[in-house]
Structures are given as structure tokens and as C-alpha cells.
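Q: Just dropping this structure here.
The values are calculated or read from the model by the stated rules, or taken from the named source; none is laboratory data. Note that the structure is a prediction, hence the values are computed from the model and not measured. Cβ sites come from the backbone with ideal geometry, for glycine too, and all protein chains shown count toward neighbours.
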Amino acid sequence: MSAALSTIGSPRATAIDNTQAAAGTVTMSSREIAELVEKRHDNVKRTIETLAARNLVRPQIEDEQGIDAMGRHRDTQVYRVGKRDSYVIVAQLSPDFTARLVDRWQELEQQAAPAIPQSLPEALRLAADEAEKRIAVEAKLSIAAPKADGFDRIAAADGIMNLTGAAKTLQLQPVKFCQKLREIRWIYRRAGGKSNVAYQDKILAGYLVHKTVTTPGSDGSEVIREQVMVTPKGLAKLALLLGQSLDGAA
């Protein structure tokens, strides 16, 4: 069996077909060729297979959905070929129909080509549309720029803050803020513990740190414990994740 025929229906053939489609390559199906030359589709397919066995064409195979004479939905295998191979196939089937093939290729290529203005008003309308799109994009960027600048400013700032301070900066209630951090897996509480603990990946990312702090105990003594602190980088990240403003935070 030739290399050309061995690829038909194989995973490699499917991959090639998908690549061609993604790249916008124009192809023609064996069914279209059959209609152009007024031949039975199965006869056209046999011709393609014969030519492929001789390495004269390299078709790709795909399933095409259709309805049979009984009105039932049925998948039919068709071959897809490029422009060069279609000429070889039609020349083998019926040289008299080459003119029809040329016309059909012109139709396909015109459909695939981008629209080109045919008059001055069309060209002006196209230019106006492009200008409107550009203005809309620039407007969105101008709105986003101050917000992005605020995030960058906070991320580059010095100093860290506790969870309560971070919540106030983000204009959130501290309880809800901590609850949200647990939901997005930034902090957690150990079983039986009351203190928040930062997830290791958030520490490694530079978003959170543990800091040893001293707080007064109920009996008046000093209690040393670790507290989760938010870095400027973490605050900027949280502002993006939670959709909060950082106005005036720097």
C-alpha cells in the first residue's frame, strides 16, 4: 500500500485535516467534484484512491453528514483535496469538465478571501468602522490604566499589613474578607486552632508571610504567636481577584 493511501483515515490524516482547516486552507470534497463532473460519488472516490495509490494525489478523509433517499441522517466518508489535486482528479475523470472546476475554485477562493471595498463609499465606511473599533479599544485602555497603575504602585510599595488592615484597604469587612481568603485557599485554620495559617504556595509566591507578634493575654501577660500578614504584592493580587479598588491605598 502506498504512503498516500496509508494516511487516509488514520489519526495523522485527521490531524493534517484539522491543521488545514485551522489555517484557512481552501479544499474541495469528492462529493463536490462528483457533482461538477456529473459522476457517481463512489466512482469519484475510487478514482481518487487509485491516484493516491500511485502517489499522484494526497487526499484527506472526513465524515460528512447528510440525508439519504429515505430521509435518514447518515454519515458519508468523503475525500478532501487541494486545488492541484482536484485538477489531476478531474483530468482523469472527464477532461471536458475542467472549465467547471476552474469556475468552482474561483467561487471558493472568493468566499475565503476578505472583502475588498469596490467603491470609495465602501472604502470610507470600512475606514470609519476600523476607526470606531480603535477608539473603543483606546477608551477601555484609558479607563483601565489608572486602576492598573494603582495595582503596580501597591505591589512595589514597602511594608506588610495584617488581615484586618488588608480588609480595610480593600474596603471589605474583615470577617467576610477572611472567609473569602479561605474559599480561594489563601489561608486556613488547623484542626482545633483559632489562628489563621497561610498556604505554602501563597508564601512562596510572595503574597503572604508569617510574622511573630506579641499580644497581651487575658491575665495581662504577653503572648507570642504567629500572624498571617499580607504583602504589597499580595494586596495587589487580591484587589484583582476580588474586584476591589485600591484608590488611596498607596
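Q: Pick from region 172-196 the residues that are surrounded by 16 or more Cβ atoms within 10 Å (Cβ to Cβ) and in a strand (DSSP E or B): which of them is farthest from the chain's Cα centre (by Cα)?
A: The qualifying residue farthest from the chain's Cα centre (by Cα) is N196.
Q: Of these, V78, V137, which one is modelled with pLDDT of 80 or more and among the hydrophobic types (A, V, I, L, M, F, W, C)?
A: So the residue among V78, V137 that is modelled with pLDDT of 80 or more and among the hydrophobic types (A, V, I, L, M, F, W, C) is V78.
Q: I need a count of the residues in region 197-233 that are part of a helix (DSSP H, G or I), under 17 Å from A166 (Cα atoms) and without any contact (Cβ under 8 Å) to a residue 40 or more places away in the chain.
A: Final tally of qualifying residues: 2.
Q: Just to verify a result, which residue in region 22-59, among those that are within 15 Å of R80 (Cβ to Cβ) and exposed (fewer than 13 other Cβ atoms within 10 Å of the Cβ), is modelled with the lowest pLDDT?
A: Selected residue: A22.
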